[in-house]
1. Taking the Cα centre of the chain as the origin, how large is its charge dipole in debye, to the nearest 20, when only Lys and Arg (+1) and Asp and Glu (-1) carry charge on their Cβ atoms?
2. Using only Cα atoms and rounding to the nearest 10 degrees, what angle (0 to 90) does helix 47-56 make with the longest principal axis of the chain?
3. Under a 5 Å amide H to amide H cut-off, with H placed in plane at 1.01 Å, what residues pair with residue 65 once short-range neighbours are removed?
4. Binning at 10 Å from 0, report for the range 269-344 what percent of all alpha-carbon pair distances ends up in each bin.
5. Sort 200, 46 so the one with the fewest other Cβ atoms within 10 Å of its own Cβ comes first.
6. For the chain, what is the Kirkwood estimate of the hydrodynamic radius, computed as the reciprocal of the mean inverse distance between distinct Cα atoms, to one decimal in Å?
7. Over the chain, what is the mean sequence separation of C-alpha contacts under 8 Å (at least six apart), divided by residue count, expressed as relative contact order in percent?
8. List the GluC sites (Glu not before Pro) within the range 85-149 that fall in a DSSP loop (any state other than H, G, I, E or B) and whose Cβ has at most 15 other Cβ atoms within 10 Å.
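A short reminder: the numbers here are calculations on the coordinates, not readings from a lab. If you're wondering where the values come from, they're calculated on a predicted model, not measured in any experiment. In this analysis, Cβ positions are derived from the backbone assuming ideal geometry, glycine residues included, and neighbour counts consider all displayed protein chains.
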Amino acid sequence: MKKLLVTGSSGLIGSESVLYFDRKGWDVYGIDNNMRKEFFGDDGDTTWNLNRIKDAATNFKHIDLDIRDREKVLSTVEKIKPDFIIHCAAQPSHDLAASVPFKDFDVNAVGTLNFLEATRRYVPEATFCFMSTNKVYGDAPNELKLKELETRWEYADKEYLEGIDETMRIDRCKHSLFGASKVAADVMVQEYGRYFNMKTACFRGGCLTGPAHSAAELHGFLAYLIKCCSEGRHYRIFGYKGKQVRDNIHSFDVCRAFESFYKHPSVGAVYNLGGGRDNSISMLEAIALAEEVTGKKMDYEYVDDNRIGDHICYISNLAKMKIDFPDWGITKSLQNIFEEIAVR
């Protein structure tokens with residue numbers, strides 16, 4: 001039986017990966033220590049999700065491990081010897097990173113290095129997928145010419161109609177400390193691939209979402225917005241007139257991308273991975289759709305100060321994904337995503 005090791009296995013993408021590959025007959029090992037609760041409080045607690053996947057999976061083994069613990073990471077990979085590693089564990093908040101810089105870098109950059117080196121030492125033939133982020137581009141996307149529409153910002157240059165591709169620069173811009181730590185991890189994943197000829201890939205995610213998100217104000221855009229609308233919580237929009245745009249991809253379609261790379265791997269690959277043009281939505285548009293699917297009115301306010309280094313308009317260009325993996329594509333529409341989250 002093939003072995004899969006998933007880090008951050010109680011989180012959004014990690015838990016989806018556990019169940020996705022468990023259903024396909026893999027022997028799945030999940031590493032998670034619920035650090036999300038430490039980062040975001042009770043809203044971020046992933047205990048409910050761990051219990052859910054324990055109940056639903058057939059061949060799943062949970063490992064409570066801090067990815068900063070290098071010796072335990074090395075010994076765990078040596079013992080399991082996985083065929084496939086999906087590395088999702090992270091400090092994921094753009095904003096929180098500034099208040100916990102050591103922890104942010106140690107989890108995101110050093111934790112990734114720990115798993116890369118463990119893979120090189122004990123299973124160099126394994127496939128390694130890293131859940132990176134579009135924040136590696138910093139605020140460079142904000143330099144693109146935009147036009148203001150009634151409910152959203154839009155690219156003014158037709159060259160970017162389908163979004164931002166992998167040639168966007170990742171330096172000489174403001175990232176947030178989170179973006180910087182993920183750049184370090186992203187480049188290291190590429191380097192281990194190219195330098196050691198390992199099958200590694202960075203997937204630079206847009207807005208990753210789905211009903212398994214333990215969403216909080218500082219991380220989990222759609223799931224938190226819909227939670228606020230459903231529960232009557234107060235919601236805050238930060239800057240850009242509420243017209244900032246994100247493309248959203250369901251965790252299920254992310255797992256399909258991982259599987260595609262496992263079947264057709266390459267060395268040091270980089271892919272932008274989001275919902276693309278069809279799954280793009282602004283804050284104002286998202287509030288309107290949340291109100292529609294929940295049947296409730298959103299209680300929100302506008303805060304004029306935008307988040308530092310935040311994107312005004314970001315849509316992932318999926319052309320490279322579609323060329324390399326023609327059988328892959330988006331299967332979950334925005335309407336699907338909103339409805340799934342609303343009924344969780």
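1. 760
2. In the chain, helix 47-56 runs at an angle near 60 degrees to the longest axis.
3. HN-HN under 5 Å from residue 65: 32, 33.
4. 15, 37, 33, 13, 2
5. Exposure proxy ranking, most exposed first: 46, 200.
6. 20.1
7. Working: 747 pairs, mean separation 65.3, N = 344.
That works out to 19 percent.
8. Hits after loop and neighbour filter: 125.
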